[in-house]
Amino acid sequence: PVASRPPPAVADTADRGVREPRSIDVAAEASGVTPRRRRVERQTSVDAGGPDALAGQRTPSSARVTRTPTVVATPSLARRPVSNCDLSEVQRVERQVKAILNKLTRERFETLYAQLLGCCENVEARSDIVQVIAREVFSKATQQRTFVEMYADVCSRLHSDLQNMDGVEVNFKRILLDQCQESFTQHLEPPRIDTSLDYEEQYEVHVKYKTKMLGNVRLIGHLLRQRMLSPKIVFLVTDELLAIGSPEALETLCTFLDTLGSAFDNSKEWNGRAKLEEVFTKVELLSIDSHQPARTRCLLKDLIDKRKRRWRELPIGAPVADAATTPSRRQPSATTPSRLSSEGL
């Protein structure tokens, strides 16, 4: 009998040594962890010097669990909020003063001013607290030109009410005047701007300087109007600015005279009226000085024109020629050349 032989296709396959189809691990395929992936993970762990490589043993893939390190976010001390319990009495009051001044308006003036005055009730720390209030009010007044008159009212009332308060006597006016003097001396000369900065950065530095300088003299002018400061300060400021004579100093002079002009120039009882006339005579001479920049001469001429209108603002949309037709309060002296003759007309 002839022995049965396998089909040619099967016999040919067996002769070539082709392996039988491997069995498929359904659970491994479902989990996505194939034998090849296990080998790659194991080799990566050994190459990286993991725990398995150090121990010299291989952990079965079925027992290996991939762990993600847990990072515990510890807030830094700089970002950790500071509670009121960690603050001193002066620091706590400083926070309160800043919050009050940020909300201060004409409509809520009386309510918020009472809260501000209440911050000074602590007798032991009153001196330091008044220093804080003066510093914060000065900073707000010099940076917010729209509300400078309101902050001057705050200063005037604080000076009066603190004198009548029992306990430690604090001179609020002296503290505020020292800050004005320090800022005025510091900003007499423009800052030295680094030329390596680009145009926007240089312009920002210059704007900050002008904001502080002009804001300071506006506050001084309103304190003079409130009769909180001595009128002799008027000529201390004007003489200093005229002596410097730089474009920044003359612009500051215009702002200062514009702020207090309507209160002092119209006062017939003031003893310094004659000296104020001398100041305006110098302003007129500077306004026609060809060596001064055009912008500075325009600021000086605008100041003179406003004085001729008795310190009334020019209506919006009114022609500039109307200012020249307004009758002047005084005629220029014969030694003072007129603006038209200086321009060759």
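Annotations
- Residue within region 212-229 that is open to solvent by 20 Å² or more (accessible area, probe 1.4 Å), out of contact with any helix residue (DSSP H, G or I) (no Cβ under 6 Å at 6 or more places or on another chain) and polar (S, T, N, Q) present: no
- Scanning region 255-271 for residues that are more than 25 Å from the chain's Cα centre (by Cα), surrounded by 15 or more Cβ atoms within 10 Å (Cβ to Cβ) and not hydroxyl-bearing (Ser, Thr, Tyr) gives 257, 258, 260, 261, 263, 264, 265, 270.
- Among the residues making up region 213-239, those that are more than 17 Å from residue 152 (Cβ to Cβ) and not hydrophobic (A, V, I, L, M, F, W, C) are 232, 238, 239.
- Qualifying residue in region 107-124 (condition: open to solvent by 30 Å² or more (accessible area, probe 1.4 Å), closer than 27 Å to residue 214 by Cβ, out of contact with any Gly (no Cβ under 6 Å at 6 or more places or on another chain) and touching a residue at least 24 places away in the same chain (Cβ under 8 Å)): no
- Tally, over region 138-152, of residues that are aliphatic (A, V, I, L, M) and either open to solvent by 50 Å² or more (accessible area, probe 1.4 Å) or closer than 12 Å to residue 217 by Cβ (or both): 2
- Residues in region 155-189 that are open to solvent by less than 50 Å² (accessible area, probe 1.4 Å) and within 16 Å of residue 215 (Cα to Cα): 155, 176, 177, 179, 180, 183, 184, 187, 188.
The values are calculated or read from the model by the stated rules, or taken from the named source; none is laboratory data. For clarity, every value in this text was computed on a predicted model and none was experimentally measured. Methodologically, a virtual Cβ is constructed for each residue, glycine included, from the backbone with ideal geometry; neighbour enumeration extends over all protein chains shown. Please note that ligands, DNA and RNA were not included when accessible areas were found on the heavy atoms of the full protein model with its side chains. Shrake-Rupley method; radii C 1.70, N 1.55, O 1.52, S 1.80 Å.
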